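*Asks:* For reference, the structure I am asking about is given below.
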Amino acid sequence: MEKRHLGRTGLQVSRLGLGTMTWGRDTDEHEAAEQLKEFVDAGGNLVDTADVYADGGAEYLLSRLTDSLIPRSELVIATKAGSVPESGRRFDGSRGHLLAALDASLRRLGTDYVDLWQVHAFDPATPAEETLSALDIAVASGRARYVGVCDYSGWQLAQAATWQRAHHGRVPLAGAQLEYSLLQRGIEREALPAARDAGVGLLASSPLGRGVLTGKYRHGVPQDSRGASPYLSGFVQPYLGERSRRIVDAVATAADGLASSPLAVALAWVRDRPGVASALVGARTVGQLQAALSVEALTLPGEIRGALDDISAPVHRYPDEGWSEL
C-alpha cells in the first residue's frame, strides 16, 4: 500500500488507515486480530483509536494485539484525548485533562509513546494556547512523536496551525482528522484549504459516509448494520435523506460501469482528493475490511470523478463566489 507523508512532516502513513471505533464493543478480540493482520499484510500501518472508544477498551484491545500479533514498530498508532461525553461539558481541552488522558492512553496501549496524538475536538471554554501547550509538552516529554487536531473548523485550524508555527519550540501540527466523503464535503469550504495552506495533512474520517455510500441502505436498514445499532443509529440517520440517495445511486451507477463496488468507488474518490494523507476505514468485520482494501486496485477515471464531483457538490455561496450587486 502506498505511503504518504502526513502534512509537511517526515511521518509516513498508509493511504488507508484502520479505524477502531467499534473495537471492544461491536468488534471482539478475535475479529480485531483478523482485521489488524489483514490490514498490515496489505501494507497498512496507520491505526487510529481514541481514549473514549469503548471507554478505553479499543486502546486496551490494540495493546493486546501489538503484544501478541503485530510488532509495535510496524504500526503508526494515533489516539485522541479531550472528549468527555459523560460530562455536561462534552469536551475538555485543558492542559491538565489532556495530559492525564494521554498518560491513561499510554497505560492502556502498553507503550511509552504514540506516533500521533490528537485533540479530539475544539474546547471553547479553554484558551487555545493552553490546549496547544499540552501538545508541546507531549512531544517534549517523548510521550508523542507528532500531534494533530480533530473536528476543528477552518478558523480554529488556521489559528492553531499559525500559533504552533509562530515561535521556536512549539510543535507544528502534523494532521487534522475531519469527516470527508461524497456525502459530507463541508470541509472544502474552509477547513481543507486551511490545512493545505498550513502544511497539515488530512486524515479523512467516515470516507464511506458512515457506511451509507456502500449502498447497504438503499432498500432499508439492515439489522446487522450501524444504522440498526443502539449506539450508532443516530450517527447514520443524517445521511439517509433524498440528497444522499441521489449520490448513492450515482456511485452505484459508476461502480457498475467500472465492474467495481460502490464502496470502492466512494473510497477511491476520497483517498485521491488533494490534501488527503489517509482515509480512515472503520470496519466491523474482516470481510468489510477486505472489501475496503480492494480499493488499492482502483483509480477513478477523470470523467467519473468529475460526474461524482458535480452530483455531490456542496452549496457554497458568499463569500466563496464573491459579492455581486443585485
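*Asks:* If packing is taken as the average number of other Cβ atoms within 10 Å across a peptide's residues, how do 150-162, 258-270, 99-111 rank, most packed first?
*Replies:* 258-270, 150-162, 99-111
*Asks:* Divide by every residue of the chain the summed helix terms, -39500 (n - 2.57) for each DSSP H run of at least 4, and state the resulting mean residue ellipticity at 222 nm, rounded to the nearest 500 deg cm²/dmol.
*Replies:* -11500 deg cm²/dmol
*Asks:* Another question about this same structure. So which lysines can Lys216 reach, going by Cα to Cα under 19 Å and dropping same-chain residues fewer than 8 places off?
*Replies:* Here the lysines satisfying the reach criterion relative to Lys216 do not exist.
*Asks:* Could you give the nm distance between label points at Gln237 and Ile311, where each point is 7 Å from its Cα heading toward the beta carbon?
*Replies:* Using points 7 Å along Cα→Cβ, the separation is 2.7 nm.
*Asks:* Report the gain in length on full extension from Ser294 to Gln12: 0.36 nm times residue separation, minus Cα-Cα distance, nm rounded to one decimal.
*Replies:* 99.4 nm
*Asks:* Whose amide H sits under 5 Å from the amide H of Leu18, counting only residues 5 or more places off or on another chain, with H placed in the peptide plane?
*Replies:* Close amide H contacts, sequence-distant or interchain: Leu46, Val47, Asp48, Val281.
*Asks:* Still on this structure: First select every other residue whose beta carbon is under 13 angstrom from the beta carbon of Gly57; then total the charges, Lys and Arg +1, Asp and Glu -1.
*Replies:* Residues near Gly57 contribute -3 overall.
*Asks:* Could you work out the per residue convex hull volume over the alpha carbons of region 23-142, in cubic angstrom?
*Replies:* Dividing the Cα hull volume of region 23-142 by its residue count gives 97 Å³.
*Asks:* Please pull out the direction-averaged projected area of the chain, using the convex hull of its alpha-carbon atoms, in nm² to one decimal place.
*Replies:* Value for the chain: 17.7 nm².
*Asks:* Fewest to most neighbouring Cβ within 10 Å: what's the order for Asp136, Asp55?
*Replies:* Asp55, Asp136
*Asks:* Would you mind telling me the antiparallel percentage of the DSSP bridges in the chain, rounded to 5?
*Replies:* Taking every DSSP beta bridge within the chain, about 15 percent pair in antiparallel fashion.
*Asks:* Output ³J(HN,Hα) for region 55-62: one whole-Hz value per residue in order, computed from phi by the Karplus curve 6.51 cos²θ - 1.76 cosθ + 1.60 with θ = phi - 60°, and x for Gly and Pro.
*Replies:* 6, x, x, 5, 5, 4, 5, 4
*Asks:* In straight Cα distance, which lysines are under 20 Å from Lys3, not counting same-chain residues fewer than 8 positions off?
*Replies:* Within the straight-line cut-off, Lys3 pairs with Lys37.
None of the figures in this text is laboratory data; all of them are computed from the coordinates on show. Model, not experiment: these values are computed from the prediction. Cβ atoms come from the backbone with ideal geometry, glycine included; neighbour counts cover every protein chain shown.
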